[in-house]
Every structure is written in structure tokens, then in C-alpha cells.
Amino acid sequence: MKPAKEIRVGNIIMVDSKPMIVLRSDVNGSSRTGFTYKWKLKNLLTNAPMENVFRGDDKFDVVVLDKKPVTYSYFADPLFVFMDTDYEQYEIEAENLGDALHYLKDGMECEAVFYDGKAISVELPTTIQRQVVYSEPAVKGNTSGNVLKEAKIENAIEANQHIVMVPLFVSSDDMIEIDTRTNEFKKRA
Amino acid sequence: MNHRTTQTSLALFCKVVDNYGDIGICWRLARQLEQEHGIAVTLWVDNLASFRRICPQVAIDRELQQIGAVTVRHWSGQDGAFTAADVADIVIEFFACDIPPAYIAAMAERAPHPVWLNLEGLSAEAWVEGCHALPSPQSRSLTKYFFFPGFTSKTGGLLLESGLLLQRQAFQQDPAAIAAFLSQFGVTPAEMASLKISLFCYPQAPAPALFEAWQNSGVAMTCLVPEGVAVDAVEAFLGKQAQAGASATRGALTVRVLPFMPQPDYDKLLWSCDLNFVRGEDSFVRAQWAGKPFVWHIYPQDEDLHHVKLNAFLQSYAGTTEKLAEFSLCWNEAKKEAVDWATLWPSFAADMPKIAIMAMDWQQQMLANGDLAGNLLKFAETVR
């Protein structure tokens, strides 16, 4: 059993005996009782999506599924196609990719997750590097260490282009490291 | 009163962490659900001594008692046997307290399952709207729902008894009633004529510095502080023990210690004063319904997370002026730089008439959201 605070996007968990894939996780503070975890889930048996909330110490069985290293190959609307080292292809629906969609890049290495013999999702490396494709220049005088600005990062599908909050010193074309668990900037690469 | 043919039952579980706030909120909610909606309420509370401070009828040595029409049970631990017949139609865990496992097992046995709510803490943060009323599936086919009080129509609203604002208006329009109320605590006519301030805060509040600023302000003021609150600062000012009835005057400031009082009297205290310092959640909400300027001392959290909540409230509160925001941040030590209270206080005091007018606008906004008890019951109907 794992507490909610340790569950990651892409994990398959049992919620009231139903297998659910975590598509999105928003951690919200700051209740006296700890953080509130708002998850977008999908029932793997019925494909029904749902939004639920949990306390950080609510516990779940994490289903250990088969995984296989794959690379992102191409987009065959509406499916994303991944390929393993034997050139076998796996198609995964966009909605099952959850937040991973924001970070997909041609040739990207990740792990395909299988349920009942079918590839249902991918898990990303914890840290990835991406190029900033656009960020407004810092405004003179905005020098406080805590000030953040938006940065668009490179992505396989422009429509999924993602925005990460970055410090002011980050510029367009910079390579940055991002924590895929929290969608947060870690450092300039 | 809206009594139903078959009375709906409701169990409210309260674990007291913050001395009076938790039970304060639960007791108000329990009474209102019973009195205004005809619900058969059982209030489970783990600390009867704290409960007694705000409700003197509570016997602290009884497992089971009736207070008014509310059944009060001492929640003495997580053990205990329950059957489906023991489970109420609506079960509320307040602030995500862990209700006894056997009670949850009995909930699963009950047909139909009860409506299970986690009543969360009050916050103006934007994420609350997105989490309010969402389900939280549990084992054994039970579903819990998170229910958030709040300041917008996308939340559960604020606790408000139906007659409260009329009672407040009648009281505030009756100088004799105000004088009679204050005089029972020894407040003199001269003190009544001064700027009256109630003070309820956590121990770390910078009360000594504020006392000094008030003392030297040149404006006569009377600070009314319940026994047990800001003890160090009050005793230093008084030069003696801060027992109910004690008072002292230094410079422009008189500090007077009041007995800890039942909730209806605390409301009257808020209505009687020109400025109220409140803390936590319960007195914070009551100060908003008092329609007077108030300064909130927020329950402290690790990593200063409470400052995020404070800022979220100050940004949404219609009564916020620049001076109130600055004063509130300083009172909660959310500013890193040293505070010059002697300068800060008069600039804030000059804004008080404006803040008082804006506080009434805020009430109208809050009224439009409905009240927490009514909203909670409406929601329970939708998921039953």
C-alpha cells in the first residue's frame, strides 16, 4: 500500500477494487490535515474518466504492471505510437498519456506500461531536459529570487505545448531540467 | 423550523486540535442543523473540557448527554463496536479526522450507505473551488465527499444562523443593551466611550509591541481580552495575573481581562467593539458577520503555509485596504522586515471607517452564497 502523496501520474492503483490509471495529479495545500490530492483517473475496465480527491495519507494498492523501454515514434491521430527495441509498435490513446503528453518529443525514451497485455500508458523519467522555445525577456527591476515567469517548452505536438514556470534568468533557447512528477523547473541544463 | 416526517439523522465527528475553534465550529453547525433543519444530530467530540469552555452546560465526565436537542457523545478512542443501526443518515468527519474503523465498517453494512462528508477547513485559495464536493472513493463501495466552506458560490459558503444578522442589528441599535452587556465585565462608561478592541490571538502574536503603540497613541482605547489569551503580554501590561476581572491602564490604553464566554456572548463582544482581533476559523467567520473591522490571526502551519492562505483571503476580501493588508501581514509575521507599530497603527486606524463600510458590502456578497449548513444538506440530498 502506498499513500496518495507517493502516487505518480502513470501509476495504476486500485480504488475500491477497480484498476485506475492516474492521468493527472494536483497537489493542493494547505489544509491543517495536510495536502489534498486531486486526481484525474480513468477506470481501466470501463474507460470511464473521473475526478477524485484524497488525503495525502489515504493508502492505495499500486498495481505492478509489465513495463518495457520504448521510444516515442509518431502521432497517428488520435493515437501516439511508441516502438520497442524489436521495432514492435504500441499505440496509446492521447487521454491515457495524461501529463506525459506535455513532454513527448520525437525519439524520447520512456517506459510503456502494460495492463492485460495492452500498452495503456507511459511513465517518463523523473527528470527530463527540454529546450525553452519561448519566454518573455525578464523585466528590468524584477530581481527578486522568487519571481517566476512562463516558458513554453519544445514538444512533439505543438497543440500540447507546455508551459513551465521558470526563474527570470531563463531565456528562449535555454535547455532546462524539469521534474516530471511536479511539472516544476529544476535548473538550467 | 422544517421538521421532516422521518427525521434525518446526522453524526458529526470532531477531534479538538485547536483548543476552541474545532468544537466551536462543530457546535454551531450541530445546533443549526437541529434547530433550523430538524436534523437529529449526534456530536462526537474527543475533548469535553474544551467544549465546556464555550458551552457551560457540558458535563465533562459523561459518555452521553443531551444539550438542547443535540446528543453529545464522548469520542474516547478508535475502539468500539457499531452496527449498521448505529450509523446516521449523514456522517461528517470534521477536518478529516479519522472516524473509528468499526463505525466505517458499519457504514458499509448499512443500506443505503450514509452520505459521508469530510468537512474541510476554510480557505480563500483558488484550488478549493476545484476540490469542493468531489468524491473520494473508499473501500467497501463507500464514497466520501470533500466539502469545503468558502467565500464563493462554488464552495459551501460560511456558517450563518438564520437570525444572526437581525440579532446583531437589533443589538447594535440598542446602546442600553451594549452598555448592559459590557458592564457585566466591569467595563466602565469611560471605557465604553473609548475605542473598544477585542483581542483573540495565538500566543506568538506580537501583542506586546502593539500594546506599546496603543499605550503611546494618545487615543483612549480599551482592549478586552478573554482569560488565557496573549497571557504573557497581558500579564506584563497588568503587572499581575491575567485573571478575569483584572484590568490596568497605562497611557492611553486600558487592558481588561474577560472571562471565557459562551458563543452567543462572544458574538455580542464582537458586535460591541470597534475593532476585533480574531484567530483560527470560528471567530474569524463570526468577525465577518459582525460587520466591523477585524484583523485575522491565522492558525500557524509548517513552512509558513498559512501565509498563503492569509494572502488569498486578503486578496479576495472586499474589506481589504492597503493598510489592513499591511497590518494583517505584520500581525501574522508574514513580513520579513522590522515592524514599526507606532507608525503602522495610526495609519491602519485612519482606514477603519472605510474598512467598516466595506465590511458590510462583504456580508452581502457572502449572503449570496447561501449558508454552510443549508448548502451541506442540499449537497447531501444530491448524493443520497
Are there helices (runs of 4 or more DSSP H) fully within region B:1-116 with at least 1 residues that are aromatic (Phe, Trp, Tyr) and more than 24 Å from the chain's Cα centre (by Cα)? List them.
B:101-109
A:Met165 fails exactly one of the following numbered conditions: (1) at pLDDT 90 or above; (2) assigned to a loop (DSSP other than H, G, I, E, B); (3) surrounded by fewer than 14 Cβ atoms within 10 Å (Cβ to Cβ). What is the number of that condition?
(2)
Could you tell me whether B:Glu326 is more than 14 Å from chain A (Cβ to nearest Cβ), of a type in the set (D, E, K, R) and within 19 Å of B:Pro206 (Cβ to Cβ)?
yes
Determine the pairs where a residue that is free of Cβ contacts under 8 Å to residues at least 60 places away in the same chain and closer than 21 Å to B:Tyr266 by Cα, located within region B:35-55, has a partner that is in a helix (DSSP H, G or I) and of a type in the set (A, V, I, L, M, F, W, C) with Cβ atoms under 6 Å apart, the partner being 6 or more residues away or on another chain.
B:Ser50/B:Ile23; B:Phe51/B:Ile23
Only one of (1) surrounded by 14 or more Cβ atoms within 10 Å (Cβ to Cβ); (2) out of contact with any helix residue (DSSP H, G or I) (no Cβ under 7 Å at 6 or more places or on another chain) does not apply to A:Tyr37, and that is (2)
Within region A:40-49, restricting attention to residues that are surrounded by 15 or more Cβ atoms within 10 Å (Cβ to Cβ) and within 13 Å of chain B (Cβ to nearest Cβ), which residue is farthest from B:Leu142 (Cα to Cα)?
A:Lys40
Of the residues that sit in region A:52-67 and are closer than 15 Å to A:Val9 by Cβ and part of a strand (DSSP E or B), which one is farthest from the other protein chains (Cβ to nearest Cβ)?
A:Lys67
Tell me which of these B:Thr8 doesn't satisfy, since it passes every other one: (1) polar (S, T, N, Q); (2) closer than 20 Å to B:Pro114 by Cα; (3) surrounded by fewer than 19 Cβ atoms within 10 Å (Cβ to Cβ).
(3)
I'm checking my understanding of the structure. Among residues of region B:106-147 that are facing chain A (nearest Cβ under 9 Å) and among the hydrophobic types (A, V, I, L, M, F, W, C), which one is nearest to A:Ile13 (Cα to Cα)?
B:Leu142
Determine, yes or no, whether A:Tyr103 is among the aromatic types (Phe, Trp, Tyr) and either more than 17 Å from A:Pro167 (Cβ to Cβ) or in contact (Cβ under 8 Å) with a residue 40 or more places away in the chain (or both).
yes
Quickly run through region B:79-105 and pick out the residues that are surrounded by fewer than 17 Cβ atoms within 10 Å (Cβ to Cβ) and within 14 Å of chain A (Cβ to nearest Cβ).
B:Asp98, B:Pro101
Scan the strands (runs of 3 or more DSSP E) fully inside region B:216-278 and keep the ones with 3 or more residues being crowded, with 23+ Cβ neighbours inside 10 Å.
B:221-226, B:253-258
Name the one entry in B:Ile178, B:Ile197 that is in a strand (DSSP E or B), of a type in the set (A, V, I, L, M, F, W, C) and away from chain A (no Cβ under 14 Å).
B:Ile197
Contact list, first residue from region B:227-241 and more than 18 Å from B:Ser50 (Cα to Cα), second anywhere and charged (D, E, K, R), beta-carbon distance below 8 Å, six or more apart or interchain, is B:Phe237/B:Arg250; B:Gln241/B:Glu235
Would you mention how many residues in region B:335-382 are crowded, with 16+ Cβ neighbours inside 10 Å, small (Gly, Ala, Ser) and over 21 Å from B:Ala287 (Cα atoms)?
1
So, in region A:1-18, of the ones that are at pLDDT below 90 and within 13 Å of chain B (Cβ to nearest Cβ), which residue ends up surrounded by the fewest Cβ atoms within 10 Å (Cβ to Cβ)?
A:Ser17
Please state which of the following conditions B:Ser76 fails to meet, knowing it meets all the rest: (1) without any contact (Cβ under 8 Å) to a residue 40 or more places away in the chain; (2) under 27 Å from B:Leu305 (Cβ atoms); (3) more than 12 Å from chain A (Cβ to nearest Cβ).
(2)
Among B:Asp61, B:Asp79, which is the only one that is modelled with pLDDT under 95 and acidic (Asp, Glu)?
B:Asp79
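The values are calculated or read from the model by the stated rules, or taken from the named source; none is laboratory data. All values reported here derive from a predicted model rather than from experimental measurement. A quick note on method: Cβ atoms are made from the backbone with ideal geometry, for glycine too, and the neighbour counts reach across all protein chains shown.
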